[in-house]
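The values are calculated or read from the model by the stated rules, or taken from the named source; none is laboratory data. For clarity, every value in this text was computed on a predicted model and none was experimentally measured. Note that each Cβ is placed from the backbone with ideal geometry, even for glycine, and that neighbours are counted across all protein chains shown. Accessible surface areas use protein heavy atoms only, side chains included; no ligands, DNA or RNA. Shrake-Rupley method; radii C 1.70, N 1.55, O 1.52, S 1.80 Å.
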Number of protein chains: 2
Amino acid sequence: MKIATVGTGPIVEAFLSALDDIDGPMCVAMYSRKETTAKPLADQYNIPTIYTHFDHMLADPNVEVVYVASPNSLHYQHALQALEHRKHVICEKPFTSTARELEHLISVARKNELMLFEAITTIHLPNYQLIKENIHKLGSIKMIQCNYSQYSSRYDRFLSGETPNVFNPAFSGGALMDINVYNIHFVMNLFGPPEAAHYIANQHANGIDTSGVLVLKYPHFISECVGCKDTQSMNFVLIQGEKGYIHVENGANGCRNVKIYLDDQTSELNAQTNDNLLYYETRTFYEMYQAKNFEKCYELLSYSHSVMRVMEHARREAGIEFPADSRER
Amino acid sequence: MKIATVGTGPIVEAFLSALDDIDGPMCVAMYSRKETTAKPLADQYNIPTIYTHFDHMLADPNVEVVYVASPNSLHYQHALQALEHRKHVICEKPFTSTARELEHLISVARKNELMLFEAITTIHLPNYQLIKENIHKLGSIKMIQCNYSQYSSRYDRFLSGETPNVFNPAFSGGALMDINVYNIHFVMNLFGPPEAAHYIANQHANGIDTSGVLVLKYPHFISECVGCKDTQSMNFVLIQGEKGYIHVENGANGCRNVKIYLDDQTSELNAQTNDNLLYYETRTFYEMYQAKNFEKCYELLSYSHSVMRVMEHARREAGIEFPADSRER
């Protein structure tokens, strides 16, 4: 499996490092508008080719899979072009800016018999699978509370008047898209779509959400997901059932240190050996790809689409508008 | 200061034990419909008189202050009668069933020049005062997240078909009134009334909320308060500011183990020496009473009224109706 990367942020290095830990896939090319930006990573990971034109990379017959890690708003365009050039696609979270963009990507992937995959850590982590296997012990679930807060390295620049991509509506940024997305995946991969979703956000003058609370209402329980890029906190997921609760220390992205509390009995679960969270999602994709398991691929896409629908609804209800919204009017 | 108690639940014992720790006030009488119910506590705390008629207790000139700890729905009636008999009143949380009931109590207290006091632990705790003094260190507050969950000792009976008072709308029960009230006090005593409040509840067939999420929206931050009587959890308050956060272990009722996290520096605050949380609120009342500080009394009442307004709005928005609501139509 020969991969080319799009984007040069820290996530690309994490991805390349994850690839290194898996036998089989390899990175054969990088795309970056400026060669100098990609050069250090290319050297470090022995990647032979850097393309400064996206079209040239897509024309390379050696490239089978494109890993898209450009700014959020460009995921759709980059993935679409790759699919149209008959490349399989791994696309970073959040998948697209709108549900309709994702629908179109899925239709192109299906038409061209290609794989398309959302790179989201949470749902592919071994500890998340352990939570799934053990959650029945809690009895009826009543409450799920999540907090994923990470003071953005770009927040100070934002406060001083600049507009980094992650805080720019034009780039589909914000706390819901960038960070709360992990909490949403945590809840929705376990329980499916909620019957109602409300997003209450702290919005900057430019409209972007620097933090917010997403309340997902299910028929028999409530989940509330806090995601902040403007403050630090203790991160966690708490799942409360009538017979006990599960505490996930450090939160949905990572699912490290899972503890189950049942009456007076506490137990700890851990099946994760690799500290690189991207290792597990990348391995999942590689196994699916090797097995040509299109059924699993389309199942995951249908699930990703349900997540995008909730995110788009919640975001627009809070009045956070992206250029992609108006293109669809 | 000579006190008579109304009610015989565990909270009354905590109150009597708190009185024992303060020089000055004493309990001179207990009211209970059945003498046998009050007898064990009366014996334990050397209380000379048990009244089985409320009127008889109110007619006792020896009684100066009435402590009301009857079921929620009866707070109003018991407090009103006591005020009308020119007794000062300490009333357990939640103060009344509706804001209008409290308005009436306040008007009678003012007219009769009497003290009226909401017995709520949180806001009178020394650690809560320390939080107030240190919160400016966090910079702009963005997010407050609370969880107070306590699996009710009466929940199993409720699930098996009985209707204990705490799960009975006729007795103004439920998670918002009984347990989330601590979170609401925690937030509102620091920040005043929110600009919007939404309550999303898990409601039983009889309409009562066994748990729920209250979202309080302030102009520049969001607070979400989880209160559950149907599940257990880790209890906490997390206050997130741009410069750091405060973690209150074990939650709003207690404010034990307060930690401030500022960049890499962590510090712990503790000024509480008495494990009986009711000690502090009772001492506050006693000092106010001794000093005849009516100004403070009415200030606190005005604040309590703002809490009742938020609770009533949130509860009614969620469709939780009490008999007190229809009496006011």
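Remarks
- For the stretch A:198-209, filtered to residues that are touching a strand residue (DSSP E or B) at 6+ places or on another chain (Cβ under 6 Å) and more than 7 Å from every other protein chain (Cβ to nearest Cβ), the residue that is surrounded by the most Cβ atoms within 10 Å (Cβ to Cβ) is A:209.
- Restricting attention to the stretch A:246-260, the residues that are buried (at least 19 other Cβ atoms within 10 Å of the Cβ) and either closer than 24 Å to residue A:150 by Cα or free of Cβ contacts under 8 Å to residues at least 40 places away in the same chain (or both) total 8.
- Among helices (runs of 4 or more DSSP H) entirely within the stretch B:108-209, having at least 3 residues that are without any contact (Cβ under 8 Å) to a residue 12 or more places away in the chain singles out B:155-159.
- Members of the stretch B:140-172 found to be over 20 Å from residue A:140 (Cα atoms), crowded, with 20+ Cβ neighbours inside 10 Å and in contact with a strand residue (DSSP E or B) (Cβ under 9 Å, 6 or more places away or on another chain), listed by number: B:141, B:142, B:143, B:144, B:145, B:146
- Annotation note: of A:5, A:36, the sole residue that is among the hydroxyl-bearing types (Ser, Thr, Tyr), outside any loop (DSSP other than H, G, I, E, B) and over 22 Å from the mean Cα position of the chain (by Cα) is A:36.
- Looking only at residues of the stretch B:261-297 that are free of Cβ contacts under 8 Å to residues at least 24 places away in the same chain and within 14 Å of chain A (Cβ to nearest Cβ), we find that the one that is nearest to residue B:189 (Cα to Cα) is B:261.
- Test: residue A:195 is over 24 Å from residue A:9 (Cβ atoms), more than 9 Å from every other protein chain (Cβ to nearest Cβ) and of a type in the set (Asp, Glu): yes
- Within the stretch B:99-139, considering residues that are open to solvent by 20 Å² or more (accessible area, probe 1.4 Å) and β-branched (Val, Ile, Thr), the one farthest from residue B:277 (Cα to Cα): B:106
- Where residue A:182 falls short, out of the listed (1) within 18 Å of the chain's Cα centre (by Cα); (2) of a type outside the set (D, E, K, R); (3) within 30 Å of residue A:263 (Cα to Cα); (4) open to solvent by less than 10 Å² (accessible area, probe 1.4 Å): (4)
Residues are listed down the side, and each one gets a yes or a no for (1) at pLDDT below 95; (2) outside the structural domain of residue B:159 (by TED's automatic domain parsing):
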{"residue": "B:227", "(1), (2)": "no, no"}
{"residue": "B:230", "(1), (2)": "no, no"}
{"residue": "B:239", "(1), (2)": "no, no"}
{"residue": "B:246", "(1), (2)": "no, no"}
{"residue": "B:256", "(1), (2)": "yes, no"}
{"residue": "B:291", "(1), (2)": "no, yes"}
{"residue": "B:304", "(1), (2)": "no, yes"}
{"residue": "B:321", "(1), (2)": "no, yes"}
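- Which numbered condition residue A:48 fails, given (1) over 21 Å from residue A:115 (Cβ atoms); (2) open to solvent by less than 40 Å² (accessible area, probe 1.4 Å); (3) of a type outside the set (Lys, Arg): (2)
- Residue list for the stretch B:141-151, filter: more than 14 Å from residue B:238 (Cα to Cα) and hydroxyl-bearing (Ser, Thr, Tyr): B:149, B:151
- The residues of the stretch A:283-302 that are surrounded by 11 or more Cβ atoms within 10 Å (Cβ to Cβ), out of contact with any Leu (no Cβ under 8 Å at 6 or more places or on another chain) and within 18 Å of residue A:103 (Cβ to Cβ), listed by number, are A:294, A:298, A:299, A:300.
- So residue B:315, is it touching a residue at least 12 places away in the same chain (Cβ under 8 Å), open to solvent by 60 Å² or more (accessible area, probe 1.4 Å) and not in a strand (DSSP E or B): no
- Residues that are assigned to a helix (DSSP H, G or I) and open to solvent by less than 10 Å² (accessible area, probe 1.4 Å) within the stretch B:83-98 comprise just one, B:83.
- Filter result (closer than 18 Å to residue A:188 by Cβ, more than 7 Å from every other protein chain (Cβ to nearest Cβ) and crowded, with 24+ Cβ neighbours inside 10 Å) within the stretch A:213-245: A:214, A:216, A:223, A:225, A:227, A:237, A:239
- Filtered residues of the stretch A:64-82 (kept if touching a His at 6+ places or on another chain (Cβ under 9 Å) and not in a helix (DSSP H, G or I)): A:64, A:65, A:66, A:68, A:69, A:70
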